[in-house]
1. Apply the Karplus curve 6.51 cos²θ - 1.76 cosθ + 1.60, θ = phi - 60°, to the phi angles in region 167-182 and return the couplings in whole Hz, x for Gly and Pro.
2. Give me a comma-separated list of calculated 3J(HN,Hα) values for region 296-311, in order, Karplus coefficients 6.51, -1.76, 1.60 applied at θ = phi - 60°, integers in Hz, x for any Gly or Pro.
3. Within 10 Å of each candidate Cβ there may be at most 16 other Cβ atoms; applying that plus a DSSP loop requirement, which chymotrypsin sites (Phe, Trp or Tyr not before Pro) in region 13-103 survive?
4. Can you pull the percent of region 295-360's accessible area that's carbon plus sulfur, 1.4 Å probe, other chains left in place?
5. Rounded, prolate or oblate: pick one for region 26-149, where a ≥ b ≥ c are the square roots of the eigenvalues of its C-alpha gyration tensor, a/c under 1.5 means rounded, and failing that, prolate if a/b is larger than b/c, else oblate.
6. What is the local net charge at ILE346, summed over the other residues whose Cβ is closer than 15 Å to its Cβ (Lys, Arg +1; Asp, Glu -1)?
7. What does the net charge come to around THR95 if you take all other residues with beta carbon closer than 14 Å to its beta carbon, with K and R at +1 and D and E at -1?
8. What ranking, highest mean first, results for peptides 134-145, 347-358 when packing means the other Cβ atoms within 10 Å averaged over each residue?
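The values are calculated or read from the model by the stated rules, or taken from the named source; none is laboratory data. Only a predicted model underlies this, so the values are computations on that prediction, with no experimental measurement involved. Using ideal geometry, Cβ is built from the backbone for each residue, glycine included, and neighbour counts are taken over all protein chains shown. Heads up: the accessible areas ignore ligands, DNA and RNA and are worked out on the full protein's heavy atoms, side chains in. Shrake-Rupley method; radii C 1.70, N 1.55, O 1.52, S 1.80 Å.
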Amino acid sequence: MKHLSLGKLFSSKYLATFYLILMCVQIVFIEGYAISPVKVAAMALAPFICIIKVPYLTRALIVGLIYLFIIFFCAMTKLYVRFSTIGYLAMFVFTFIFFYNLIYTGAFTIDYFIKLLRYLILGYFICLVLQQLSILVGIRYFPIINLTNQFFLSIAKLPSLSIEPSHTARILCVSFYIYLKCNEFKNGAAIPFKQLLKGEHKWVTIGFLWVMLTMGSGTAFIGLIILSLYFIRKEYLVYIVPLFIILYISMPYMGLTQLDRAINVLSATMERDNEVIAKADGSASVRIIPILNTINNLDLTKSETWFGYGTDYGVQNKAERMIAEITDYGLFAYIGGLILVFSCSIRFWSLGTLMYFTGIGGGTANIAYQWGILMLFICMRYFYDNRWINRQKDVSG
């Protein structure tokens, strides 16, 4: 039986595991619904651990520091500056840099990372099933499985291991996509469609689909539509086309209000109607409306477009909010954020880019699970960049 020594617990492998899971999971009865003291403490320690463990001049460090400088400079051009908000963002950026340095110095092998993704997906699945069983027997307060009598709780609306179903949808959609891609990197070919419900992939696929289809999130159905693009190859059309036809025909008889909401959101988005989007799905509207505001209202002749309206302006004026940093810190800051994301995390010409803009709004906000998603993409990018060593054996357990 293996025993973990204190030194091994603080190895790059386990530190990276801890920070990744911390950002991708929210245990409400410990961390609360807003700013998590656990995450804040861990992020505050990240720069110091980085100096001790991985004090390297990397792309993430250079771009991250430039990005923070732009944020600070743009904020200082305004009369009102809320340093706590900027400091909180800096904590996320330094944690991102620390995690990048850990991964790019070999913290994970591809076998270990695939196993970690499997456990993450199955963890969300098991927690959701336990929540569903609890609701069925009338238990709404069971903190150990993330039930704390949330106002939205019902058998068709459960959060699993996050704050709300839409967060779970985004995290799992990205996790399963990266699971598929990393298996593709490892084996040199995509997992055959028919193999997803067989062997080692069976329960991961079942768990993923169960959560996405039963937790009660319209965002989940949008995520599934985007994820389906991964499988659209000539050899898979024979399976996918009939599935879409069956789904379309059976929708009126299924009573899936979440699916209806997802379709309504997509329709309203195409029509650029903010009010209809908000009515169709309030959660999805938080991500989609800022994108439409940016497309419709961005005026390159205004100084506020380039330097922003000031710290927390977007929070105080939600109807005017544009994508990510643009409202508060301007287009210069947003461009800096995009460079950080696409140089260190997501490969631009990939399905991940579509997930980034539709799932987390195409920015870098002060929200933990969004940075957790970017950290997942760091791992995927690392294994893409190092495809020639992806078949190594995971000898570290």
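1. Taking θ as phi minus 60°, the curve returns 5, 4, 4, 5, 5, 6, 4, 5, 4, 6, 4, 5, 4, 5, 5, 5 Hz for region 167-182.
2. Coupling constants for region 296-311: 7, 10, 5, 10, 6, 8, 8, 5, 5, 4, 8, 10, x, 9, x, 4 Hz.
3. Of the chymotrypsin sites (Phe, Trp or Tyr not before Pro), the ones in loops of region 13-103 whose Cβ has at most 16 other Cβ atoms within 10 Å are TYR33, TYR56, TYR80.
4. Taking all protein chains in place, region 295-360 shows 64 percent carbon and sulfur surface.
5. oblate
6. Net of charged neighbours comes to +4.
7. Net local charge, THR95 excluded: +2.
8. 347-358, 134-145
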